[in-house]
Amino acid sequence: MSHLIELKDVYKIYHMGEETVHALDGINLTVDQGEFVAIVGSSGSGKSTAMNIIGCLDVPTSGSYHLGGIDVSTMEDDQQAEIRNKMLGFIFQQYNLIPKLTVQENVELPLLYAGISSEERHERAIQSLERVGLADKRKNLPSQLSGGQQQRVSIARALAGKPSVILADEPTGALDSRTGREVLRFLQKLNQEGDTVVLITHDNSIAVKAKRIVRLQDGRIIYDGDASDPQAVVQPQEDEAGEEVLA
């Protein structure tokens, strides 16, 4: 059986003047249906580059990326956009809601772009808002909601497209700690209901809410395993000779 997400020998190389930067340095990663995976790392680790490739927002310099068995690593922009709309649901740090649209209209907007009929858009939006507990707020504007509620609307928007993968990029970054915990509980609940969730974060305390942690450093995977393993949150440091040691 093929993996839902499969990155094989993926490199992403940038040339900045005379300097060559390996944002991803030959990573291999698979994610199966129903997993909850946190990709974690500090600034410059490569996690944002990995997210962009998984999210069909960028392509590898070399290597392959298969999403749902489809090789998307060599696709043109318009082909990637089509795959992105069909298979991926995005949750961002900033909620990216349109202020003048109601909650329901915000949830329906990607479906409108996807050419889905008005009746089905309404039905999917209501179902998604019910899943995040905000169906009663569907006629409100985003400004009438709390930050946590706005993030739940963005989760509903992601769910409405019935994606194969929910890709959450620092989803609690703009929230206070209590509200952030609520959003993480929603992601855990969605995963328990069968959704595949890939969470991008720099924060160990958030990453451990997933079931599996993939830790990146300098464009390479340095840990891939159970989120409850103590090694999952141990970050290598350099000794005086520049060799990696465990913190």
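The values are calculated or read from the model by the stated rules, or taken from the named source; none is laboratory data. Please read these numbers as outputs of a predicted model, since none were measured by experiment. Please note: Cβ atoms are built from the backbone with ideal geometry, for glycine as well, and neighbour counts cover all protein chains shown. Keep in mind that these areas ignore ligands, DNA and RNA; they rest on the heavy atoms of the full protein, side chains included. Shrake-Rupley method; radii C 1.70, N 1.55, O 1.52, S 1.80 Å.
Please state, as a whole number in µm²/s, the translational diffusion coefficient that the Stokes-Einstein equation yields for region 12-120 at 10 °C and 1.306 mPa s, with Rh defined as the Kirkwood radius across alpha carbon pairs. So the translational diffusion coefficient is about 97 µm²/s. Positive end of the charge dipole of region 29-81 (Lys, Arg +1 and Asp, Glu -1 on Cβ, about the Cα centre): tell me which of SER45, LEU57, VAL72 has its Cα farthest that way. Checked the options; the winner is SER45. Close amide H pairs (under 5 Å, H built 1.01 Å from N) link TYR223 with ARG215, residues at least 5 positions away or on another chain. Simple point charges give the picture: +1 on the Cβ of Lys and Arg, -1 on the Cβ of Asp and Glu, and for the chain a dipole about the Cα centre of about 1380 debye. Computed over protein heavy atoms with a 1.4 Å probe, the accessible surface of the chain works out to 50 Å² per residue. Shown here for region 9-87: GluC sites (Glu not before Pro) in loop regions (DSSP other than H, G, I, E, B) with at most 13 other Cβ atoms within 10 Å, namely GLU18, GLU76. Would you please name the trypsin sites (Lys or Arg not before Pro) within region 71-179 that are DSSP coil residues with at most 15 other C-beta atoms within 10 Å of their C-beta? Passing sites in region 71-179 are LYS100, LYS139. Annotation: aspartates and glutamates with alpha-carbon distance below 12 angstrom to LYS137 (same-chain offsets under eight excluded): GLU105. Can you give me the % of accessible surface on the chain that is carbon or sulfur? Probe 1.4 Å, all protein chains present, nothing else counted. Of all accessible area on the chain, carbon and sulfur atoms account for 46 percent. Only one residue of SER177, ALA135, MET87 has its Cα farthest out toward the positive end of the dipole of the chain, where Lys and Arg carry +1 and Asp and Glu -1 on Cβ, and that residue is ALA135.
Full extension of the segment from ASN204 to ILE83, taken as 0.36 nm per residue of separation minus the current Cα-Cα distance, would add 40.5 nm. Using a cut-off of 30 Å between Cα atoms, the listed pairs LYS86/LYS209; LYS12/LYS209; LYS12/LYS100 include LYS12/LYS100 as exceeding that distance. In plain terms, the chain from GLU76 to GLN33 could stretch by 12.9 nm, reckoned as 0.36 nm per residue minus the Cα-Cα distance. The mean sequence distance of close C-alpha pairs (under 8 Å, at least 6 residues apart), as a share of the length of region 112-222, puts its relative contact order at 20 percent.
The charge dipole of region 108-201, taken about its Cα centre with unit charges on the Cβ of Lys, Arg, Asp and Glu (plus for the first two, minus for the last two), comes to roughly 200 debye. When ASP77, ASP58 are compared by accessible surface with a 1.4 Å probe, the order from highest to lowest is ASP77, ASP58. For ILE200, the amide hydrogen comes within under 5 Å of the amide hydrogens of ILE39, ALA168, ASP169, GLU170, counting only partners 5 or more places away or on other chains and with H modelled in the peptide plane.
Efficiency by 1/(1 + (r/R0)^6): what FRET value for ASP176 and GLN127, r their Cβ-Cβ distance, R0 = 25 Å, to the nearest 0.05? So, using R0 = 25 Å, E works out to roughly 0.30. Round to the nearest 10 and give me the degree value, 0 to 90, for the angle of helix 103-113's Cα axis relative to the longest principal axis of the chain. Roughly 70 degrees between the two axes.
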